[in-house]
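First the structure, in the form of structure tokens, and then the observations on it.
The values are calculated or read from the model by the stated rules, or taken from the named source; none is laboratory data. The shown structure was predicted, so the numbers you read here are calculated from the model rather than taken from an experiment. Cβ: placed from backbone, ideal geometry, glycine included. Neighbour counts: every protein chain shown.
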Amino acid sequence: MAAQTGSSHSMTDSLILASGSRYRRELLERLHLPFRVHPADSDESPLPGEAPEALVSRLAELKARTVAARFPDAWVIGSDQVAVCGGRIVGKPGNADRACEQLRAASGTSVRFLTAVCLLRSPDRLEGHLDVTTVHFRPLSEPEIARYVEIERPFDCAGSFKSEGLGVSLFESVDSRDPTALVGLPLIWLSGALRRAGFAP
């Protein structure tokens, strides 16, 4: 999984990523800390009337607490992300038709990406953070959308693009405090939280 043995933490103080996302795993590997992956498999359905900011923050903590219940001596990272376009939550498309539909809706407009992350050691040592990144899309033609979806197949990505890949060609600009948040895990904040917990990223 990850990397190097510079941490003062023992395996009983291990670090766990509560996510099955390969994007989050690859991001966390950048910090060169040993960690394990245990997906939370929790219910991600929004509550009635729940705002997107509240939803992602709740789900990030829920994922962390679900895994921490199984590993009470570990530090657990939970994270969640949603895209908001035209006031509506945009999830992972799952297939080409829905990916094209999402990109048509984003064409020439702005989409907000809300990425929540928390670091938890059960039961009550918890730090959380919400990153907001705004992506401004250029006007996209139907052939451009179809070609992009065919090449990159972004079916597991909220908003139907991969910003670390060809997806940047769809943008006019990005407003962000942390470029890693758009990929799925805000490493600038997380690095600080891990240092405060005694790790050495």
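The table below lists the values:
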read-out: Those residues of segment 10-24 which are at pLDDT 95 or above and either among the basic types (Lys, Arg) or part of a helix (DSSP H, G or I) (or both), in sequence order; value: 24
read-out: Residue pairs meeting the criteria (Cβ under 6 Å; at least 6 apart or on separate chains; first without any contact (Cβ under 8 Å) to a residue 24 or more places away in the chain and more than 11 Å from residue 38 (Cβ to Cβ), in segment 56-76; second among the hydroxyl-bearing types (Ser, Thr, Tyr) and assigned to a loop (DSSP other than H, G, I, E, B)); value: 62/42
read-out: So residue 46, is it assigned to a loop (DSSP other than H, G, I, E, B), in contact with a helix residue (DSSP H, G or I) (Cβ under 6 Å, 6 or more places away or on another chain) and either hydroxyl-bearing (Ser, Thr, Tyr) or surrounded by fewer than 22 Cβ atoms within 10 Å (Cβ to Cβ) (or both); value: yes
read-out: Residues of segment 152-201 satisfying the condition of being of a type in the set (Asp, Glu) and out of contact with any strand residue (DSSP E or B) (no Cβ under 7 Å at 6 or more places or on another chain); value: 152, 156, 164
read-out: Matching helices (runs of 4 or more DSSP H) fully within segment 92-201 where at least 1 residues are of a type in the set (Asp, Glu) and either touching a helix residue (DSSP H, G or I) at 6+ places or on another chain (Cβ under 8 Å) or modelled with pLDDT of 95 or more (or both); value: 96-106, 142-152
read-out: Members of segment 103-131 found to be surrounded by 24 or more Cβ atoms within 10 Å (Cβ to Cβ) and among the polar types (S, T, N, Q), listed by number; value: 115
